[in-house]
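The structure under discussion appears below in the form of structure tokens.
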DNA sequence: CTAACTACCTGAACGC
DNA sequence: TGCGTTCAGGTAGTTA
């Protein structure tokens, strides 16, 4: 494989990356009591001090949001933003200048490190997501039965946005970001700018989203640089990407060079030959 | 209401 | 070599 051309920006955590973090974090934090929370003053942290003294009952996930159910009817919402990661104060990890919050648990210390400060933390009444609008209006989990080809078709028919920007709103389905949007649209042979997606193409996109996310979860996510799991390991999906970041390379299906454009302000790579509107 | 636009934030790559 | 500029990204807030 040729090295990637251009800038080597780390992808933000999307559903497979967040799920991989959740799987490592959950057994370590479930049942633990949060003795103290220390956070740098930050607009994107909402009421984190309310987590103090509460027990973490369960660590779940919706889309790219981690949701810790706390005792006392509260939830701790965690979003990794672009560069957020969790590390325990052990195994050679020492906090650096990019640690934005520290949770002292009854059995250890957990750091939230976030270089670019796009991550979010919020403690809210359980189920009350008015302070987190994307979560309040989040689409179905892509790997659950609630996500159907028919429902996706209905959602696509009801918007006038091009299909890729619409996917990125999190409304038709939860957890899709820039990487897996490009990958799924390539797999489904749908142009990212398409505004009319009929039932047949919606069914292909539905299947492609599931396939792409399932494979990425099996490889514990995509790492270019920033994303790493709680144990510091990288995901293994980067070398399997077919579309994202592959501009100039031949399309694996038709051998035409993949094209990169900017769509709704986001880098978008696709095949102009087999992803037609 | 929907959709489009912009701010946020930083370090690395770029380009002169 | 050095330094200013550009760019990546998800979400929230604002505007049309």
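The values are calculated or read from the model by the stated rules, or taken from the named source; none is laboratory data. Treat the numbers as computed from the prediction; the structure is a model and nothing was measured. Quick reminder, even Gly has a Cβ in these numbers, built from the backbone with ideal geometry, and neighbours come from all protein chains shown.
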From the option list A:175, A:221, single residue qualifying as away from DNA strand B (no atom under 16 Å from the Cβ), surrounded by 21 or more Cβ atoms within 10 Å (Cβ to Cβ), within 30 Å of residue A:94 (Cβ to Cβ) and in contact (Cβ under 8 Å) with a residue 12 or more places away in the chain is A:221
Can you name every residue in the range A:222-250 that is away from DNA strand C (no atom under 13 Å from the Cβ) and in contact with a helix residue (DSSP H, G or I) (Cβ under 8 Å, 6 or more places away or on another chain)?
-> A:223, A:229, A:230, A:231, A:235, A:237, A:240, A:242
Out of A:212, A:230, report the one residue that is at pLDDT 95 or above and closer than 15 Å to residue A:19 by Cβ.
-> A:212
Within the group A:199, A:140, A:133, A:192, which residue is within 16 Å of DNA strand B (Cβ to nearest atom) and free of Cβ contacts under 8 Å to residues at least 60 places away in the same chain?
-> A:133
Only one of these conditions is not met by residue A:134: (1) surrounded by fewer than 13 Cβ atoms within 10 Å (Cβ to Cβ); (2) within 23 Å of residue A:19 (Cα to Cα). Which number is it?
-> (1)
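Only one residue in A:181, A:149 is within 23 Å of residue A:272 (Cα to Cα) and touching a helix residue (DSSP H, G or I) at 6+ places or on another chain (Cβ under 6 Å). Which one? Working first, answer last.
Details: A:149 fails: within 23 Å of residue A:272 (Cα to Cα).
Exactly one of A:181, A:149 is within 23 Å of residue A:272 (Cα to Cα) and touching a helix residue (DSSP H, G or I) at 6+ places or on another chain (Cβ under 6 Å), namely A:181.
Can we say residue A:236 is more than 15 Å from the chain's Cα centre (by Cα), within 16 Å of DNA strand B (Cβ to nearest atom) and at pLDDT below 95? If you could, list the steps in order and put the result at the bottom.
Working: more than 15 Å from the chain's Cα centre (by Cα): yes; within 16 Å of DNA strand B (Cβ to nearest atom): no; at pLDDT below 95: yes.
It is false that residue A:236 is more than 15 Å from the chain's Cα centre (by Cα), within 16 Å of DNA strand B (Cβ to nearest atom) and at pLDDT below 95.
So, in the range A:17-34, how many residues would count as being farther than 24 Å from residue A:130 by Cβ and either within 15 Å of DNA strand C (Cβ to nearest atom) or loosely packed, with under 14 Cβ neighbours inside 10 Å (or both)? I'd like the intermediate steps shown before the answer.
First pass over the range A:17-34, keeping only residues farther than 24 Å from residue A:130 by Cβ: A:17, A:19-21, A:23-33.
Then drop every residue that is not either within 15 Å of DNA strand C (Cβ to nearest atom) or loosely packed, with under 14 Cβ neighbours inside 10 Å (or both), which leaves A:17, A:19, A:21, A:27, A:31.
Total meeting the criteria: 5.
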Checked the range A:37-89 for anything under 22 Å from the mean Cα position of the chain (by Cα), more than 16 Å from DNA strand B (Cβ to nearest atom) and part of a loop (DSSP other than H, G, I, E, B); matches are A:63
Being away from DNA strand C (no atom under 13 Å from the Cβ) and not in a loop (DSSP other than H, G, I, E, B), is that true of even one residue in the range A:260-267?
-> no
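Does residue A:248 satisfy the condition of being surrounded by fewer than 21 Cβ atoms within 10 Å (Cβ to Cβ), out of contact with any strand residue (DSSP E or B) (no Cβ under 7 Å at 6 or more places or on another chain) and on the phi > 0 side of the Ramachandran plot?
Details: surrounded by fewer than 21 Cβ atoms within 10 Å (Cβ to Cβ): yes; out of contact with any strand residue (DSSP E or B) (no Cβ under 7 Å at 6 or more places or on another chain): no; on the phi > 0 side of the Ramachandran plot: yes.
So residue A:248 fails the test.
Looking for whichever is outside any helix (DSSP H, G or I), away from DNA strand B (no atom under 16 Å from the Cβ) and surrounded by fewer than 23 Cβ atoms within 10 Å (Cβ to Cβ) here; the options are A:103, A:147. Which one fits? Steps first, answer last, please.
Details: A:103 fails: surrounded by fewer than 23 Cβ atoms within 10 Å (Cβ to Cβ).
A:147 is the lone residue from the list that is outside any helix (DSSP H, G or I), away from DNA strand B (no atom under 16 Å from the Cβ) and surrounded by fewer than 23 Cβ atoms within 10 Å (Cβ to Cβ).
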